[in-house]
Structures are given as C-alpha cells and as structure tokens.
1. Which number in (1) more than 30 Å from Asn237 (Cα to Cα); (2) surrounded by 14 or more Cβ atoms within 10 Å (Cβ to Cβ); (3) aliphatic (A, V, I, L, M) marks the one condition that Ala281 misses?
2. Scanning for something under 15 Å from the mean Cα position of the chain (by Cα), in a helix (DSSP H, G or I) and touching a residue at least 40 places away in the same chain (Cβ under 8 Å), does the stretch 275-283 turn up at least one residue?
3. Report yes if Met31 is crowded, with 20+ Cβ neighbours inside 10 Å and touching a residue at least 24 places away in the same chain (Cβ under 8 Å), otherwise no.
4. Cβ-Cβ under 7 Å, sequence separation 6+ or interchain: first residue in the stretch 81-94 and at negative phi, partner of a type in the set (Asp, Glu) and open to solvent by 10 Å² or more (accessible area, probe 1.4 Å). Which pairs?
5. Restricting attention to helices (runs of 4 or more DSSP H) lying wholly within the stretch 154-271, give those where 2 or more residues are among the acidic types (Asp, Glu), open to solvent by 10 Å² or more (accessible area, probe 1.4 Å) and farther than 30 Å from Ile25 by Cβ.
6. Can you name the condition, by its number, that Gly37 falls short on among (1) closer than 18 Å to Gly81 by Cβ; (2) open to solvent by less than 20 Å² (accessible area, probe 1.4 Å); (3) small (Gly, Ala, Ser)?
7. For the list (1) surrounded by fewer than 19 Cβ atoms within 10 Å (Cβ to Cβ); (2) in a strand (DSSP E or B); (3) of a type in the set (Gly, Ala, Ser), I need the number of the one condition that Ala127 fails.
8. Report yes if some residue within the stretch 89-111 is open to solvent by 20 Å² or more (accessible area, probe 1.4 Å), in a helix (DSSP H, G or I), within 23 Å of Met337 (Cα to Cα) and at pLDDT 95 or above; otherwise report no.
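The values are calculated or read from the model by the stated rules, or taken from the named source; none is laboratory data. Here the structure is a predicted model, which is why all the values come from computation and not from measurement. Using ideal geometry, Cβ is built from the backbone for each residue, glycine included, and neighbour counts are taken over all protein chains shown. Areas reflect the complete protein model, heavy atoms only, side chains present, ligands, DNA and RNA absent. Shrake-Rupley method; radii C 1.70, N 1.55, O 1.52, S 1.80 Å.
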Amino acid sequence: FDKKMWSQDIEGSKAYAKALKKTGILSLDDMESILDGLEKVRMEWASGTFAIQSSDEDIHTANERRLTELIGEAGKKLHTGRSRNDQVATDLRLWLREQTLSAKSKLSVLINVCCDVAEQHIYVIMAGYTHLQPAQPVRFSHWLMSHAAALYRDMSRLNDMLPRINTLPLGCGAIAGHAFGIDREFIKGELGFDSISLNSMDTVCDRDFVAEYLWWCSMMLTHLSQLAEDLIIMNLNKGVALSDAYSTGSSLMPQKRNPDALELLRGKAGRIIGHLCGFLATLKGLPRTYNKDLQEDKEPLFDAVSTAHDCLQIAAGVVATLSPLPEGLEKALVPEMLATDLAEYLVRKGVPFRETHHVSGAAVRMAEDRGIPLSSLSCADLKDLHPLFEDNVVDCWSFEKSVERKSSAGGTSRKSVLDQISLLRKELK
C-alpha cells in the first residue's frame with residue numbers, strides 16, 4: 001500500500017545519488033547511470049507498466065530492485081550509507097508535504113465558497129442558538145461565517161505544521177548517522193526541505209508529524225461535522241434547502257429527501273479521530289529508536305488524508321448549492337429573543353445593566369403570565385416596570401434593527417459581516 005509514494009522515493013533517491021557523488025562513493029558515470037535508470041523507473045510507474053514482484057518488501061526495495069535490473073552493478077551502490085529507516089521517513093515527509101499543499105488549496109476553496117454564499121444572502125436573518133435554545137437574532141451570513149472562521153484556523157494550523165513536516169531526515173542512516181560524510185544541506189536544497197533534522201536517533205523514530213497531521217484532520221473534520229450538524233437541523237426545520245446532488249431519497253418512503261452527504265461528513269470525523277487515538281496508542285510505548293510498529297503510520301495517515309480531501313470537496317459542494325429559506329428561518333424568530341435588546345434600551349438611558357436585566361426579565365414574566373408575545377406589551381405596561389420606557393421602545397421589536405446594533409468587529413450587523421468576508425478573502429490571497 002506504500003506504492004503511492006513511488007514518486008517521492010525516486011525523487012529522494014536521485015538527490016541521494018547526487019550527494020553520494022559529492023562524497024566520492026559514486027563516480028560520475030555511476031551517478032549518471034543511476035539517475036538515468038531512476039528516470040526509467042519513474043516512467044514505468046507513470047505509464048502503469050511497473051511490475052511489482054512478490055519479493056518486493058516495500059516501495060523502496062521495489063524501486064531499487066528494478067533500478068538494478070535496468071543498470072546493473074551501479075544500482076547496488078545507491079543504498080550506501082542509507083537505511084530504510086531514514087529513507088521511509090524522507091519519502092513520507094515528501095508525500096505529506098505535497099498532500100498538505102493540496103489540502104490548503106481545497107480548504108481555501110471551501111472558505112471562499114462560504115464567503116460567497118454569505119455575501120449573496122447578507123440580508124437573511126435567522127435565530128441564533130445557545131444550548132439549542134433560541135438566543136438572539138443573527139444574520140444567516142454571520143452564522144455561515146462562524147464556520148468559515150473555524151476553517152480559517154484550520155488553514156492557520158496547516159501553515160504552522162508545514163515547517164515541521166518539511167524537515168529532512170535523509171542522511172541519518174539507521175540510527176547513528178552517516179559514515180561517509182554525506183552533505184545533508186545539499187540534499188535539503190535538492191529536495192526543497194526547510195531544515196535538516198537535529199538528531200539521527202530521534203529522526204528515524206520521529207512520527208510526530210504523522211500524529212500532528214492526524215490531529216489536524218481530526219480537528220478540521222470536527223469543524224465540518226459541526227457545520228453538517230447545523231445544516232441537518234436547519235434542513236429539518238425548513239430553514240435551508242439542499243441540492244439533490246447532496247441528498248437522496250428513501251428506498252421505501254417516496255416523500256423523503258435525506259441529507260446523506262452531511263451525515264457522511266459527520267460520520268467521517270469519528271473515523272479519523274479513531275485513527276489518531278489508535279496511532280498515539282502505538283507510539284506511546286515505543287523505546288528508542290526505530291521499531292516495526294512504526295509501519296502502522298501509513299494506513300491511518302493515507303486514509304485520513306484522502307478522507308479529509310474528499311470531505312473538503314463535498315462540503316464545498318454542499319455549501320455552494322444550498323439555498324437558505326428566509327420564510328422558514330424567520331419562523332424561528334420570536335420576540336422573546338429581543339429581551340436583551342429591551343434591557344439595552346434602558347442601558348442607553350443610563351440605567352445599570354444589572355438593573356435593566358432584572359427589568360427585562362420581569363417583562364418576560366409579565367408576557368408569559370398573560371400568554372402573549374413579549375412584543376405585545378404596551379409602553380404603559382413597560383412603564384409599570386421602569387419609568388424611562390418611552391414610545392420608541394417599539395424599535396426593540398425589530399429583528400433587523402437588533403442585528404444592526406451589533407456593529408462592533410466580529411458582530412452580526414451587515415457591515416461587520418461584510419468586513420469578516422473581506423478580511424478572510426484578503427488573508428486567502
């Protein structure tokens with residue numbers, strides 16, 4: 001299953017052959033023969049004609065075996081001073097570096113889609129929730145940008161991880177280092193690494209970068225799962241409509257349209273979190289240095305990477321094709337969500353918030369006792385609770401005015417949300 005690293009294995013071997021030439025281990029003819037042979041092996045992989053044999057233990061032995069078949073004795077010199085311990089770590093880091101850049105691209109697409117949909121529906125207002133209870137009115141675009149903000153943190157973490165992934169292991173040998181004075185700085189430059197590893201013993205058993213990437217996948221998929229859960233609930237309450245491309249019918253009930261894509265996004269998060277927990281359990285008891293247990297890094301990592309990439313693309317498709325249903329979203333808006341606005345009305349008249357909070361609570365109880373909406377209380381009713389209420393208190397019952405009052409940075413006013421959209425777009429350029 002490690003054959004997906006065939007390109008990185010060849011890339012690393014080419015750089016290593018050039019470094020061996022610098023030490024005098026390889027002659028110019030040997031190096032050129034190895035480089036030509038490796039290019040032929042690369043072309044076989046690329047064309048799908050490379051034949052894996054039962055004696056090939058892994059991608060490294062397969063490529064070296066085929067190289068030796070093609071060029072003869074010179075191929076046997078390539079592994080001088082190199083161990084599969086530092087070779088596999090190099091291949092895996094090269095592969096993961098490429099996958100990380102791909103993940104950044106897909107994540108950027110999803111965040112930009114969120115920005116586009118948020119901007120398109122900037123005027124739609126919905127209920128915001130805490131504890132799954134109606135809390136305050138917010139813009140639909142503000143809700144969507146709350147998920148984009150979490151995804152942007154995931155982008156930031158990817159950027160933070162790249163230098164740790166992009167650290168060169170090659171030249172450390174099996175455990176103690178390289179016996180022929182290999183120039184690791186030269187190899188670093190050839191392969192585009194940012195730095196070289198500090199200690200050869202640590203290098204050959206270091207899989208922190210694998211665990212960290214599994215954690216990143218787990219966190220990012222947790223964010224996608226939360227987005228999916230929100231949309232499942234909103235779809236249930238007729239607040240959003242999902243495209244037929246991302247929902248399916250029931251095999252028995254013709255009226256059903258199930259949010260299958262969202263449920264799968266939610267489910268995949270649990271699977272990848274399991275990979276992280278399992279791999280950390282593998283790592284925790286390992287003595288220095290390399291142990292065969294470390295071969296358990298690839299299956300969870302390969303699966304996590306492909307799953308994360310697929311989920312990012314699916315999530316982008318879901319968001320790009322969904323339609324908020326203003327009438328359905330507005331049904332969840334109730335006057336009681338404006339109780340805080342009522343308290344803030346008195347704050348603007350100089351009354352301490354602790355007092356206004358008590359007054360607003362008394363108004364909520366009065367409305368409940370009468371069995372009427374909070375907004376149906378008259379100004380006279382409210383004056384019985386506090387003398388500073390005036391006729392313009394009716395402005396408190398406007399959901400539009402309520403969201404527009406939340407105009408500070410990060411808030412739900414139209415300008416604040418548009419500023420968030422603009423900032424994210426700028427950061428992603």
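1. Single failed check for Ala281: (2).
2. The answer is yes; a qualifying residue exists.
3. no
4. Leu94/Glu11
5. Helices (runs of 4 or more DSSP H) meeting the threshold: 208-236.
6. (1)
7. The single condition Ala127 does not satisfy is (1).
8. The answer is no; no qualifying residue exists.
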